[in-house]
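*Asks:* If you scroll down you'll find the structure; I have some questions about it.
The values are calculated or read from the model by the stated rules, or taken from the named source; none is laboratory data. Predicted, not measured: the structure shown is a model, and the values here were computed from it. Glycine also receives a Cβ, built like all others from the backbone with ideal geometry; neighbour counts cover every protein chain displayed.
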Amino acid sequence: MKNNSKNSIKLASIALAVSLSLAACSSNMQSSSSVSSASAVATEAAIKAESEKLQALTEKYFDESIQRSPVYATFVGVNDYNDRFSDPINEKNLADDLAFEKKYLEAINKIDGTLLSGQDLLSYEIFKRDRELGIKGFSFNTHMLPISQMGGAHSFFAILGSGSSAQPFNTEKDYRDFMKRAVGFSIYMDSVIEAMREGMKIGMVHPKPIAEKLAPQLSAHVVDDVTKSVFYAPVKALEENSEIDDPTKQTLTKEYTAVIRQVIIPAYKKAHEFIINEYIPKTRDSVGLSALPKGKEWYEYRIETNTTLPLTAQEIHDFGKAEVARILSEMKAVKRTVGFEGDLQAFFEYLRTDDKFYFDSKEALIAGYTDVKDKINARLPMLFEVFPKADYVVKAVEPFREASAAGASYMAPAPDGSRPGIFYINARDLKAQPKFGLETLSIHEAAPGHHFQIAIQQEVEGLPRFRKFGGYTVFAEGWALYAESLGKELGLFTDPYMWYGRLSDEQLRAMRLVVDTGLHAFGWSREQAIDFMRENSSMAESDIVAEVERYISIGGQALAYKTGERHIRMLRNKAAEALGDKFDVKKFHTQVLIDGALPMPILEAKINRWIESQKS
C-alpha cells in the first residue's frame, strides 16, 4: 500500500510536471504565434503601403505626362487637351522635361521594391528603368533633329487634321479645339526651325538625302486651293454631320478655312523654305550617327534603348551576317522546289519583275489583304487562348504621306473601342507589295502580330496606364516577327511562294542588323548599304532605298526586330525544355502578351518565375 501510495504520488508528480511543462510550452507557442502573427500583419501592411505608393506614383506620373504631351493624350483617348499642341522646343522646356524625369526617379527610389511582387514588381522595375534611361538620353542633343522623313510634328499633325485619326470632329467644340491646336502647331514649328538652326552651328544635322526627302513632305501642304488641302477633309465632313446645326456649320466652315489658309499653310511654307534655303546647304555628306557630336555614344544608347539588351554593334553585325547567309540558303531551297532554272540573282529578278506576283490596282491590293485576314483569323485558336476585343481594318496609306511611308504599318484602336485598329498598306508602288508577302505581312502587322499585342495591352484590366499605353520597340517588333515564325504552325505558308514571302521578310530584318550597324558603327555609305540589300534580296529598288534611308534617319530602331524575336524564341524553347509535357504553347503566349510590353530582361525574369510555378 505504501509503495502504491508512493507510486501514485510519483505519477501524480510526473503528471503535474508534464502538465506544467505542456502549459509552459503552450504559453510559449501562443506567444510565438502572436509574435509571428503580428509580424505577418506588419509585413502585410508594409507591402500594401508600398503597393499603394507605387500605384499612386505611376498614376500621378501618367496624369502629368498627358498634360505635358497633349497630342499623346489625344491618341490614348483623353480628350481634355485636344485644343493644345506640344510646348515649343527651347532651353527652358528642355530643362523642365529633364527635371520632370529626375523628380519621378527620386520618387520611385523611395519605394521599397523588395516588398513588391506580381504586377507591382513589374511596374516598379519598368518605371525605374525608364526614368534612368530617359535621363541618360538628355545628353545627346536630340532636340536638334526634331523632324525627319520618318516622322515628327509635321507628319502626325497632318494625320490628326485629316479627320481620319484620333482627333475627333463631331461637335462644334471639336472643330474649335483643332483650330486652337493649329495655332500651337504653328508656334511649335517655329521652334523646330530654331532648334535645327542651333544644330547647324555644331554640325548636328541630317544627312543630305534625309533632308531632301523631308522637303516634299512639307511642301505637300502648301496649296493655293484650300479645298485641296488634307486639312479640309473635316470641313467636307460637316455636310453629313447631324449634331451641328446649319448656321453653326456655315460659321465653322468660314473660320476653319481661314485657319487653314492663315495658320496651317504658312507654318508648312515657312518650314519648307527653311529646309530648302538654309538647311539643305548645311547638311552633311556622311550618313552614320558616329559622324555627329557624341555620335558613337549616341548609337550605343540607341542600341540600349531599342533592344533593351546588353549588346554591342559588333555582336549584332555578326549575328545579322549569319542570319543573312542562313536565309539565303533557304531561299535557294525554294528556288529548287518551284523548279526555277538559273542562279539566285536570276530568281530574285524573276520575282521582282514577273507581273503574276503583283496586283494590278490599289483596290485589288487592299482586297487581297482583307481576304487573308479571314483566313488567318480562323486558325488563331490553334495557338492562342486570349484574343483582342477590338477588330482591325485594312486601309491604303493616305496619298499625302505615301511617298516616304513604310510599306506597311499598324495604328492601335481607340482604347474605348470606338475606332478599330488600322493595318496600313502603302499602295504607291505596287511592285513593292508582292502577292507572296500577303500572309507574312498580315501576320506581322495585324493578327497575331501588332494588333494582338497592342490591342490586348490596351484592354488588360488593372494595368497601370503608363504601361497600358507605353511600349518597347524590341517587344512590339520582336513579338510581330516571332508571330511570323508561327505561320507554319498555323497551317499557313503551304504555297512555296508564300513561304518565300516569309523568308523575304525575315531576310529584310536580318539585313537590317548588318546595314544599321554598318551605317552607324562601321562607316558604311548609303550606296554600300543599298548594294548589300540588293544583292541579298528580291526587294524592289524603291523599297531598298526607303529602307536604307529609314535606318539612316532613326539609327538603332531596326535592330529591335530580330533581337526581340530571338529572345522570345529563346524563352519559349527554355520553357518547353524545362516543362516537357506540361508545356502549353497557348499559355506561354498568354504569359508573353498579358502584361503588356516589357523590356526583354524583365520579360525573361517573369517567364522564369512562370516556369517555376508550372513545375509544381
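*Asks:* Please verify whether the range 504-514 includes one or more residues that are farther than 20 Å from Ala476 by Cα, buried (at least 23 other Cβ atoms within 10 Å of the Cβ), touching a residue at least 60 places away in the same chain (Cβ under 8 Å) and of a type in the set (A, V, I, L, M, F, W, C).
*Replies:* yes
*Asks:* Could we say that Lys431 is under 22 Å from Arg509 (Cβ atoms), at pLDDT below 95 and basic (Lys, Arg) here?
*Replies:* Values: under 22 Å from Arg509 (Cβ atoms): yes; at pLDDT below 95: yes; basic (Lys, Arg): yes.
Answer is yes for this residue.
*Asks:* Turning to a different aspect of this structure: Output the residues belonging to the range 468-502 that are surrounded by fewer than 22 Cβ atoms within 10 Å (Cβ to Cβ) and either part of a helix (DSSP H, G or I) or charged (D, E, K, R) (or both).
*Replies:* Lys468, Thr473, Ala476, Lys488, Glu489, Asp495, Pro496, Tyr497, Met498
*Asks:* What about Val287, is it surrounded by 16 or more Cβ atoms within 10 Å (Cβ to Cβ), β-branched (Val, Ile, Thr), touching a residue at least 40 places away in the same chain (Cβ under 8 Å) and not in a helix (DSSP H, G or I)?
*Replies:* In short, yes.
*Asks:* Also: Scan the range 409-449 for residues that are among the small types (Gly, Ala, Ser) and outside any loop (DSSP other than H, G, I, E, B) and report the count.
*Replies:* Restricting attention to the range 409-449, the residues satisfying the condition of being among the small types (Gly, Ala, Ser) are 409, 412, 414, 417-418, 421, 427, 432, 437, 442, 446-447, 449.
Remaining after also requiring outside any loop (DSSP other than H, G, I, E, B): 409, 421, 432, 437, 442.
Residues flagged as among the small types (Gly, Ala, Ser) and outside any loop (DSSP other than H, G, I, E, B) within the range 409-449 amount to 5.
*Asks:* I'd like to verify a number: residues in the range 394-410 that are out of contact with any Phe, Trp or Tyr (no Cβ under 7 Å at 6 or more places or on another chain) and either of a type outside the set (Lys, Arg) or not assigned by TED's automatic domain parsing to the domain that holds Pro434 (or both), how many?
*Replies:* 10
*Asks:* Among residues belonging to the range 376-431 that are of a type in the set (Ser, Thr, Tyr) and under 23 Å from Asp360 (Cα atoms), point out the one that is surrounded by the fewest Cβ atoms within 10 Å (Cβ to Cβ).
*Replies:* Going through the qualifying residues, I end up with Ser409.
*Asks:* Which condition number in (1) touching a Pro at 6+ places or on another chain (Cβ under 7 Å); (2) farther than 25 Å from Met200 by Cα; (3) not acidic (Asp, Glu) is the one that Gly152 fails?
*Replies:* That leaves (2) as the condition not met.
*Asks:* Outside the structural domain of Pro399 (by TED's automatic domain parsing), farther than 20 Å from Lys60 by Cα, among the hydroxyl-bearing types (Ser, Thr, Tyr) and in contact with a His (Cβ under 9 Å, 6 or more places away or on another chain): does that describe Ser164?
*Replies:* no
*Asks:* Is there a residue in the range 112-130 that is at positive phi and in contact (Cβ under 8 Å) with a residue 60 or more places away in the chain?
*Replies:* no
*Asks:* Looking only at the range 572-616, filter to residues that are part of a helix (DSSP H, G or I) and among the aromatic types (Phe, Trp, Tyr); which one of those is surrounded by the fewest Cβ atoms within 10 Å (Cβ to Cβ)? Steps first, please.
*Replies:* Taking the range 572-616 and keeping what is part of a helix (DSSP H, G or I), we get 572-582, 585-593, 600-615.
Now narrow it down to the ones that are among the aromatic types (Phe, Trp, Tyr): 588, 610.
Values: Phe588: 21, Trp610: 17.
Going through the qualifying residues, I end up with Trp610.
*Asks:* Sticking with this structure for a sec: For residues that are β-branched (Val, Ile, Thr) and outside any helix (DSSP H, G or I), tally how many sit in the range 359-408.
*Replies:* Number satisfying all stated conditions: 4.
*Asks:* Scan the range 348-358 for residues that are assigned to a helix (DSSP H, G or I) and within 12 Å of Ala540 (Cβ to Cβ) and jot them down.
*Replies:* Phe348, Glu349, Leu351, Arg352, Thr353, Phe357, listed by residue number.
*Asks:* Filter the range 570-596 for residues that are modelled with pLDDT of 95 or more and among the small types (Gly, Ala, Ser) and give the result.
*Replies:* Listed by number, the residues that qualify are Ala575, Ala576, Ala578, Gly580.
*Asks:* If we scan the range 99-112, do we find a residue that is among the charged types (D, E, K, R), out of contact with any strand residue (DSSP E or B) (no Cβ under 6 Å at 6 or more places or on another chain), closer than 16 Å to Glu304 by Cα and surrounded by 18 or more Cβ atoms within 10 Å (Cβ to Cβ)? Step through it out loud before you land on a result.
*Replies:* Step one: filter the range 99-112 for residues among the charged types (D, E, K, R), giving 101-103, 106, 110, 112.
Subset that is out of contact with any strand residue (DSSP E or B) (no Cβ under 6 Å at 6 or more places or on another chain): 101-103, 106, 110, 112.
If we keep only those that are closer than 16 Å to Glu304 by Cα too, we end up with none.
No - not one qualifying residue is present in the range 99-112.
*Asks:* Take the residues in the range 357-374 that are without any contact (Cβ under 8 Å) to a residue 40 or more places away in the chain and not small (Gly, Ala, Ser), then tell me which one is surrounded by the most Cβ atoms within 10 Å (Cβ to Cβ).
*Replies:* Thr370
*Asks:* Grab the helices (runs of 4 or more DSSP H) fully contained in the range 122-228, keeping just those with 2 or more residues being surrounded by fewer than 22 Cβ atoms within 10 Å (Cβ to Cβ) and of a type in the set (Ser, Thr, Tyr). Don't jump to the end; show me each part of the working.
*Replies:* Details: elements: 153-161, 172-202, 208-219.
In the range 122-228, the matching helices (runs of 4 or more DSSP H) lie at 172-202.
*Asks:* Quick check on my filter: what residues within the range 239-260 are crowded, with 16+ Cβ neighbours inside 10 Å, of a type outside the set (Ser, Thr, Tyr) and farther than 11 Å from Ala182 by Cβ? Walk me through it before giving the result.
*Replies:* At the first step, the residues of the range 239-260 found to be crowded, with 16+ Cβ neighbours inside 10 Å are 241, 244, 249, 252-253, 256-257, 259-260.
So of that shortlist, the ones also of a type outside the set (Ser, Thr, Tyr) come out as 241, 244, 249, 252, 259-260.
Matches in the range 239-260: Asn241, Ile244, Lys249, Leu252.
*Asks:* Just checking, which of Thr248, Thr257 is closer than 20 Å to Lys173 by Cα, in contact (Cβ under 8 Å) with a residue 60 or more places away in the chain and among the polar types (S, T, N, Q)?
*Replies:* Being closer than 20 Å to Lys173 by Cα, in contact (Cβ under 8 Å) with a residue 60 or more places away in the chain and among the polar types (S, T, N, Q) holds for just one of Thr248, Thr257, which is Thr248.
*Asks:* Taking the criterion of being modelled with pLDDT of 95 or more, loosely packed, with under 14 Cβ neighbours inside 10 Å, not polar (S, T, N, Q) and not in a helix (DSSP H, G or I), would at least one residue in the range 65-80 satisfy it?
*Replies:* Checked the range 65-80: at least one residue is modelled with pLDDT of 95 or more, loosely packed, with under 14 Cβ neighbours inside 10 Å, not polar (S, T, N, Q) and not in a helix (DSSP H, G or I).
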